[in-house]
1. What would the Debye equation give as log₁₀ I(q)/I(0) for the chain at q = 0.12, 0.18, 0.20 Å⁻¹, counting only Cα atoms as equal point scatterers?
2. Rounded to the nearest 20 debye, what is the charge dipole size of the chain about its Cα centre when +1 sits on each Lys and Arg Cβ and -1 on each Asp and Glu Cβ?
3. How large, in percent, is the carbon and sulfur part of the accessible surface of the range 23-155 at a probe radius of 1.4 Å?
4. In whole angstrom, how far apart do the alpha carbon centroids of the range 53-78 and the range 84-131 sit?
5. Calculate one ³J(HN,Hα) per residue across the range 36-47 by plugging θ = phi - 60° into the Karplus curve 6.51 cos²θ - 1.76 cosθ + 1.60, and present them in order as whole Hz with x for glycine and proline.
6. Quick one: 3J(HN,Hα) in Hz for the range 86-92, Karplus 6.51/-1.76/1.60 with θ = phi - 60°, rounded, Gly and Pro as x.
7. Probe of 1.4 angstrom, ligands and nucleic acids ignored: what's the accessible area per residue over the range 1-88, in square angstrom?
8. For a quick size check, give me the Cα extents of the range 38-95 along its three principal axes, largest first, whole Å.
Amino acid sequence: MSRIRRATPADAEELIRLRKVMLDSYGSPDPDGRWIPVAIADLRSRLAPVDADLAAFVAERAESGALAACAVGSVERRLGSPGNPGGANGHLFSVATDPDMRRRGLSRGCVEALLDWFRERGLTRVELRASKEAEPLYASLGFVRTPDPAMRLTL
């Protein structure tokens with residue numbers, strides 16, 4: 001069985017490698033990988049504070065201790081609303097598993113650990129964007145589709 005633990009700054013390079021595995025599975029072309037060193041440095045600094053608003057949980061490969069899966073999340077502060085007076089939301093993202101380690105419950109374990117981390121911070125709402133392939137996992141954990149459409153502007 002793989003051990004699930006909170007990621008440290010030393011895991012940043014492997015976390016970004018797993019993020020690339022996820023992005024590649026979506027068919028997102030990465031012609032040169034220039035983003036990778038910047039993303040590693042940024043993630044390393046964001047994982048350092050224990051009280052950070054970002055956390056990652058990872059599953060280690062039992063035989064080597066290398067990472068096999070991860071789930072990353074952040075606490076986002078927004079204006080309060082009737083359903084969330086304090087305005088704090090969890091955002092779950094970058095859930096990835098190496099192809100040879102899939103269907104073993106590793107992503108589920110990482111997501112469950114991250115959900116516990118959100119609960120410890122008093123959050124009552126967590127949002128994510130799910131691929132069709134991952135939707136059954138999230139539905140089994142209680143996530144439901146929302147009517148809110150997403151839009152994006154690239155500046």
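1. -0.54, -1.23, -1.47
2. Its charge dipole is roughly 260 debye.
3. Roughly 55 percent of what the probe reaches on the range 23-155 is carbon or sulfur.
4. One Cα centre to the other: 9 Å.
5. 4, x, 5, 5, 4, 4, 4, 5, 4, 6, 7, 7
6. Values per residue, Gly and Pro as x: x, x, 8, 10, x, 10, 9 Hz.
7. Heavy-atom SASA per residue in the range 1-88 reads 56 Å².
8. 48, 22, 19
The values are calculated or read from the model by the stated rules, or taken from the named source; none is laboratory data. Because the structure is a prediction, the values reported are computed rather than measured. Don't worry about glycine lacking a Cβ; one is built from the backbone with ideal geometry, like all the others, and counts go over all protein chains shown. Keep in mind that these areas ignore ligands, DNA and RNA; they rest on the heavy atoms of the full protein, side chains included. Shrake-Rupley method; radii C 1.70, N 1.55, O 1.52, S 1.80 Å.
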